[in-house]
2 protein chains.
Amino acid sequence: VIVSELLKLLSPNKDLQGKNVLVTAGPTREAIDPVRFITNHSSGKMGYAIAERAAARGAEVMLVSGPTNLPTPIGVKRLDVNTTNEMYNMVIEHSDKADIIIKSAAVADYRPETVAENKIKKGDVDIAISLTRNPDILKKLGEIKKDGQVLVGFAAETQDIIENAKSKVERKNLDFIVANDLTKDGAGFKGDTNIVTIIDSTGDVQHYEKMDKKDLADIILDKAKSIYIKE
Amino acid sequence: VIVSELLKLLSPNKDLQGKNVLVTAGPTREAIDPVRFITNHSSGKMGYAIAERAAARGAEVMLVSGPTNLPTPIGVKRLDVNTTNEMYNMVIEHSDKADIIIKSAAVADYRPETVAENKIKKGDVDIAISLTRNPDILKKLGEIKKDGQVLVGFAAETQDIIENAKSKVERKNLDFIVANDLTKDGAGFKGDTNIVTIIDSTGDVQHYEKMDKKDLADIILDKAKSIYIKE
């Protein structure tokens with residue numbers, strides 16, 4: 001910790017000084033009953049790497065995080081949430097003062113329609129869980145986007161990666177999207193590396209080779225900064 | 001690690017030497033698609049504490065574990081699984097040579113009837129997931145139980161704790177069950193303590209105050225040993 005702190009103090013590149021960066025990370029959890037829940041494989045590593053690098057580069061960073069096993073990066077203000085609704089409320093509340101918003105969390109799109117108050121006893125019959133749509137955080141952020149604010153999304157897909165990502169940039173009013181193919185070795189949720197394609201609102205498509213999530217964090221922040229300055 | 005190893009070597013109480021102990025721990029995960037899954041709040045701490053104490057007391061310990069963030073206890077052979085079906089197969093395969101079986105895992109009782117090959121795209125309509133029953137590991141262990149083998153179950157409940165636990169001892173041919181009330185502060189999945197009631201096949205009911213999971217592990221092993229010796 002002391003070494004990281006020193007490196008940060010000594011770091012010459014404080015190019016995000018004075019910028020407010022809001023990052024979301026991790027999965028969310030949706031309760032079925034007091035014991036069981038629906039979640040996903042997101043580790044939070046990508047979002048935490050972005051928060052860490054943004055703080056190291058001098059930004060004021062707020063990290064809204066679902067449940068992960070990661071330590072809070074140095075200099076980052078972290079707010080913990082469990083459900084997508086909680087993340088929605090927290091993010092919308094803090095979005096107004098953000099210059100750059102990077103939504104890397106993999107939130108649950110659906111939640112059980114009702115949450116059982118007591119643990120559901122197993123029986124011999126098959127059952128079904130009715131699911132209802134959660135609010136779309138990224139779409140809402142696109143709708144309330146302020147002039148000059150930079151909005152970055154992620155797309156983790158297993159098929160039709162580029163088409164899905166392009167459509168998401170338009171539908172959600174994003175500046176750019178970071179798309180990754182979950183079926184590729186070295187990409188996705190669990191590891192320390194990712195393999196991505198970045199697609200921006202001008203239609204530019206840039207492929208990147210497998211790299212460390214911290215290096216990718218800097219590439220994403222570089223691109224966000226260049227758009228922020230241009231506007 | 002070196003200190004623990006030394007303590008173990010110096011430990012005078014090797015009362016489980018020569019015994020084979022099979023412990024299950026943690027949650028299981030049931031995939032909905034490549035990204036989403038159903039799981040539960042089990043941390044694995046109770047089962048890992050039992051495995052650790054059994055090994056420290058000289059037993060040969062096999063730990064069949066769902067996904068947890070815990071290190072493997074010293075001297076314990078650990079086999080990792082994800083789904084309830086995987087745990088069922090692993091446990092049944094290794095049950096024959098076990099003198100004592102302690103099933104502390106909180107396995108998923110249900111799994112999605114079908115697992116989507118690709119990530120399910122979210123739409124605007126509500127959906128439902130059809131669930132089907134998983135095999136009942138504890139019930140099967142009770143059916144194939146050998147003479148002299150000691151079988152211990154757990155019951156994590158939010159209501160009718162004692163009645164449910166008593167019925168489970170009978171239905172599943174257990175020697176005893178460790179029941180805990182998830183609604184109590186200091187009991188259940190996440191913390192380092194538990195508050196339990198132990199109910200055995202003779203109908204004896206013993207309540208315990210809040211205690212460290214490692215101390216409770218020794219109480220469970222003491223009771224299992226006393227039954228093993230009696231038979």
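What follows draws every value from the coordinates through simple rules; no lab data is involved. The structure displayed is predicted, hence computed values, not measured ones. Cβ: placed from backbone, ideal geometry, glycine included. Neighbour counts: every protein chain shown.
Each other copy holds its own label point for B:ILE127; taking that point as 7 Å from Cα along Cα to Cβ, the gaps run 2.0 nm, nearest first. Result for chain A in a Gaussian network model with C-alpha springs under 10 Å: among A:ILE74, A:ILE162, A:ILE127, the largest mean-square fluctuation is at A:ILE127. Look at where the Cα atoms of region A:15-68 and of region B:27-98 average out, and the two centres are 29 Å apart. Here the 3J(HN,Hα) profile of region B:84-90, calculated from phi with Karplus coefficients 6.51, -1.76 and 1.60 at θ = phi - 60°, is 5, 4, 5, 5, 3, 4, 5 Hz, Gly and Pro shown as x.
In this structure the amide hydrogen of B:LYS210, modeled in the peptide plane, comes within under 5 Å of no amide hydrogen from residues 5 or more places off or on another chain.
Of B:ILE102, B:ILE50, B:ILE144, which is the most mobile in a GNM of chain B whose springs link Cα atoms less than 10 angstrom apart? Among B:ILE102, B:ILE50, B:ILE144, the largest GNM mean-square fluctuation belongs to B:ILE144. Of all the options A:ASP147, A:ASP109, A:ASP96, the one that moves most in a Gaussian network model of chain A with Cα springs shorter than 10 angstrom is A:ASP147. How high is the relative contact order of region B:2-230, given as a whole-number percent (alpha carbon pairs under 8 Å, six or more residues apart)? It rounds to 19 percent for region B:2-230.
Annotation: aspartates and glutamates with alpha-carbon distance below 13 angstrom to B:LYS146 (same-chain offsets under eight excluded): B:ASP96, B:ASP99, B:ASP175, B:GLU231. Here is how far apart the A:SER201 label points are across copies: 7.0 nm, shortest first, using a point 7 Å from Cα toward Cβ. Dividing the convex hull volume of the alpha carbon atoms of chain B by its residue count gives 141 Å³ per residue. Comment: the Cα-to-Cβ extended label point of A:LYS77, at 7 Å, lies 5.4 nm from its counterparts in the other copies, nearest first.
Backbone geometry of region B:39-48 corresponds, through the Karplus equation with coefficients 6.51, -1.76 and 1.60 at θ = phi - 60°, to 3J(HN,Hα) couplings of 8, 9, 7, 4, 8, x, 4, 5, x, 5 Hz, x marking Gly and Pro. When you restrict to C-alpha pairs under 8 Å that are six or more residues apart and normalise by the size of region A:149-195, the relative contact order lands at 37 percent. Qualifying trypsin sites (Lys or Arg not before Pro) in region A:57-100, where qualification requires a DSSP coil assignment and no more than 14 other C-beta atoms within 10 Å, comprise A:LYS97.
Spin-label model, B:LYS121/B:ASP160: points 7 Å from Cα along the beta carbon direction are separated by 4.5 nm. Across the options B:ILE92, B:GLY203, B:SER226, the greatest Cα extent toward the positive end of the charge dipole of chain B (unit charges at beta carbon of Lys, Arg, Asp, Glu) belongs to B:ILE92. The charge dipole of chain A, taken about its Cα centre with unit charges on the Cβ of Lys, Arg, Asp and Glu (plus for the first two, minus for the last two), comes to roughly 400 debye. A straight line joining the Cα centroids of region B:172-210 and region A:143-160 runs 48 Å.
With the helix formula -39500 (n - 2.57) applied to DSSP H stretches of n ≥ 4, chain A reaches a computed 222 nm mean residue ellipticity of -9000 deg cm²/dmol.
Couplings for region B:190-199, taken from phi via the Karplus curve 6.51 cos²θ - 1.76 cosθ + 1.60 with θ = phi - 60°, read 8, x, 9, 10, 8, 10, 10, 10, 9, 10 Hz in order; Gly and Pro are left as x. Normalised by the number of residues in region B:1-123, the average gap of Cα pairs under 8 Å and 6 or more apart makes the relative contact order 35 percent.
Greater than 22 Å separation of Cα atoms is the criterion. Which listed pairs, B:LYS14/B:LYS140; A:LYS214/B:LYS122; A:LYS122/B:LYS97; A:LYS97/A:LYS172; B:LYS97/B:LYS230, meet it? It would help to have the intermediate numbers written out before the result.
Numbers: B:LYS14/B:LYS140 31 Å; A:LYS214/B:LYS122 29 Å; A:LYS122/B:LYS97 30 Å; A:LYS97/A:LYS172 19 Å; B:LYS97/B:LYS230 19 Å.
Listed pairs above 22 Å: B:LYS14/B:LYS140; A:LYS214/B:LYS122; A:LYS122/B:LYS97.
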